[in-house]
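Have a look at the structure below before the remarks.
What follows draws every value from the coordinates through simple rules; no lab data is involved. Everything quoted here is computed from the prediction, not taken from an experiment. Here Cβ is always computed from backbone atoms with ideal geometry, including for glycine, and neighbour counts include all displayed protein chains.
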Amino acid sequence: MDYKEILSSIIENISPAVADLVPYQPGKPIEELKREYGIDEVIKLASNENPFGPSPMAIKAAVEAMSTNIHRYPDGGAYYLKKAIASLWTVSMDNIVLGNGSNEVIQFLIHTFSANGGEVISSDPAFLVYRKMAQIFGAKNVFVPLKDNRHNLAEIARNTNKNTRIIFLDNPHNPTGTIIKSWEFDEFLASLPRHVIVCLDEAYGEFVRDYDDNVWGSDYIKKDPRVVFLRTFSKAYGLSGLRVGYGVMDEAIAERCNKVRQPFNVNSIAQIAAFYALKDKKHLEYTVKMTHKGADFLYDRLLRIGFSPMRTNTNFILTHTGLDARSIYENMLRKGIIIRAMNSYGFPNSVRISIGTEEENRKCIDVLTDCQCGCI
């Protein structure tokens, strides 16, 4: 038997859930883009990262940890980080599940409660990881279209049944930047079966401007065990490269999720950087202030060039262009600005722009204005 025949025999046994899975396609490294397009500068406004970087306190602590403790395994229980998070939300450490990014906590929830045929409901479009994890673990994913660019809570409730295990609601929503209002969430929760977990994914929670109207998962942790909420250090805290996030939930749910968590899933550098990022409230306040300022600038300028931007509660802005989104993306890329075409989210004429520094935002608008003319 030759090599190819052996390999074919192995591949035939792939899990059916994985066979049709489309792998995540990362973008090209910035240095490769510079070489390919012959440009000197690239501004990345596509992944909703924090352009102001992490807290200096977090950087200092991470560098020190690199030089002293990198030869040791991480604290498997992440004692100090979990203690800090528990203090932030006035909960027990037992209410917290840490992940390699909040993506991994989504994985834990689906693996624990929906694997092998349980149903997961999410909006369409929504954060793509819900769909991906449901497919990996053989869960049935039910998709409910948005209504007026917002979660259609009434329709989601109508789609629940005895097999429904989890409802994922990214709030604020990605990619529209809209929120769920607290009063409508209360009505929604009251209409659901008692066995259904509702996961509020608050990855962009620190940026919410409509604070008093927004529903917050933290208000339900001691009131209704069905509600789980997620947070990440990748956005407002500027630690995307270290991959650390968490979920807050009832202790019994957390205990079950921790059964499928790999040992040492959050590395020691991520733990210490996140711990000090939480301590540096001034840096967080600066990030949020500058993000709101940048959002206002982009919204105003996008209107001026004839686009239709949406008001946002996040660190990105979705704008309808009336043009082909991929053409705009390609033309922007050639000039060193990376934004996100929203074709895969069902918005073929829209782009999503992450809010950058003041200089980055101005350059983006200048280039976008030129590209608009070139795409008409």
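Just to check I understand the Karplus step: with θ = phi - 60° and J = 6.51 cos²θ - 1.76 cosθ + 1.60, what whole-Hz values come out for the stretch 343-351, glycine and proline as x?
My calculation for the stretch 343-351 gives 4, 5, 9, x, 10, x, 10, 10, 10 Hz in order.
Which residues' amide hydrogens lie under 5 Å from the amide hydrogen of Ile338, considering only partners 5 or more residues apart or on another chain, with H built in the peptide plane?
Counting only residues 5 or more places away or on other chains, the set is Ile43, Lys44, Leu45.
Translational D (Stokes-Einstein, µm²/s) of the stretch 211-365 at 37 °C and 0.692 mPa s when Rh comes from the Kirkwood sum over C-alpha pairs?
Working: Rh = 18.3 Å.
Calculated translational D: 179 µm²/s.
Considering only Asn69, Ser102, His195, whose Cα is most displaced toward the positive end of the charge dipole of the stretch 56-279, charges sitting on Cβ of Lys, Arg (+1) and Asp, Glu (-1)?
Asn69
Output the antiparallel fraction of DSSP beta bridges having both residues in the chain, as a percent to the nearest 5.
50
Label point 7 Å out from Asn69 along Cα-to-Cβ: which residues of the stretch 254-286 have amide N under 19 Å?
Taking a point 7 Å out along Cα→Cβ of Asn69, the residues of the stretch 254-286 whose backbone N falls under 19 Å are 263-280.
In the stretch 56-279, what percentage of the DSSP-assigned beta bridges are antiparallel, given to the nearest 5?
35
Not counting the cut sites, what is the longest span of the chain without GluC sites (Glu not before Pro) that DSSP labels loop and that have at most 11 other Cβ atoms within 10 Å?
Formally, the longest exposed-site-free interval is 42-376.
Using θ = phi - 60° and the Karplus relation 6.51 cos²θ - 1.76 cosθ + 1.60, list the HN-Hα couplings for the stretch 172-179 in order, rounded to whole Hz, with x at every Gly or Pro.
Ordered by residue, 3J(HN,Hα) equals x, 7, 10, x, 7, x, 7, 10 Hz.
If neighbour count is taken as other Cβ atoms inside 10 Å, put Arg311, Arg352, Arg165, Arg209 in order from fewest to most.
Result, fewest neighbours first: Arg311, Arg209, Arg165, Arg352.
Which value results when the Cα radius of gyration for the stretch 118-164 is divided by 2.2 N^0.38 Å?
For the stretch 118-164, the normalised Cα radius of gyration is 1.12.
Which percent, to the nearest 5, of DSSP beta bridges fully inside the stretch 160-312 are antiparallel?
35
For the chain, what does the helix formula give at 222 nm: sum of -39500 (n - 2.57) over DSSP H segments with n ≥ 4, over the residue count, nearest 500 deg cm²/dmol?
-12500 deg cm²/dmol, from helical runs alone.
With a cut-off of 12 Å, note down the residues of the stretch 125-142 whose backbone N falls inside the zone around a label point 7 Å from the Cα of Glu12 toward its beta carbon.
Counting only backbone N, you get no residues.
Arg150's amide H: which non-local residues (gap 5+, or another chain) put their own amide H closer than 5 Å, with H modeled 1.01 Å from N in plane and none for Pro or chain starts?
The list, which skips near neighbours in sequence, is empty: none.
Can you list the residues of the stretch 125-152 with backbone N under 15 Å from a point 7 Å past the Cα of Asp20, pointing along Cα to Cβ?
Backbone N within reach: 131-143.
Hey, could you pull the Cα Rg and Dmax for the chain, both in Å?
Considering the chain through its Cα atoms, Rg and Dmax are 21.4, 68 Å.
Over the stretch 56-279, what is the relative contact order in whole percent, taking alpha-carbon pairs under 8 Å and six or more residues apart?
With pairs under 8 Å counted, the relative contact order is 29 percent.
Positive end of the charge dipole of the chain (Lys, Arg +1 and Asp, Glu -1 on Cβ, about the Cα centre): tell me which of Ala154, His283, Phe137 has its Cα farthest that way.
Comparing the listed Cα positions along the dipole, His283 ranks first.
I need the phi-derived Karplus couplings for the stretch 229-240: 6.51 cos²θ - 1.76 cosθ + 1.60, θ = phi - 60°, integer Hz, Gly and Pro marked x.
With coefficients 6.51, -1.76 and 1.60, one gets 10, 10, 9, 9, 9, 7, 9, 4, 8, x, 10, 3 Hz.
Using 0.36 nm per residue of separation minus the Cα-Cα distance, give me the extension gain between Asp210 and Asp296 in nm, one decimal.
Extra length from Asp210 to Asp296 when fully extended: 29.5 nm.
At 0.36 nm per residue, and after removing the present C-alpha to C-alpha distance, how many nm does the segment from Ile305 to Lys162 gain when stretched out fully? Numbers along the way, then the final one.
Working: separation 143, 0.36 × 143 = 51.48 nm, distance 4.97 nm.
Extending this stretch completely gives an extra 46.5 nm.
Would you mind ranking Met93, Met1 by Cβ crowding within 10 Å, fewest neighbours first?
Ascending Cβ contact count within 10 Å gives the list Met1, Met93.
Suppose a student asked you for the relative contact order of the chain, using Cα pairs under 8 Å spaced at least 6 residues apart; what percent would you report? The partial results should precede the final answer.
Numbers: 670 pairs, mean separation 83.6, N = 376.
Relative contact order, the chain: 22 percent.
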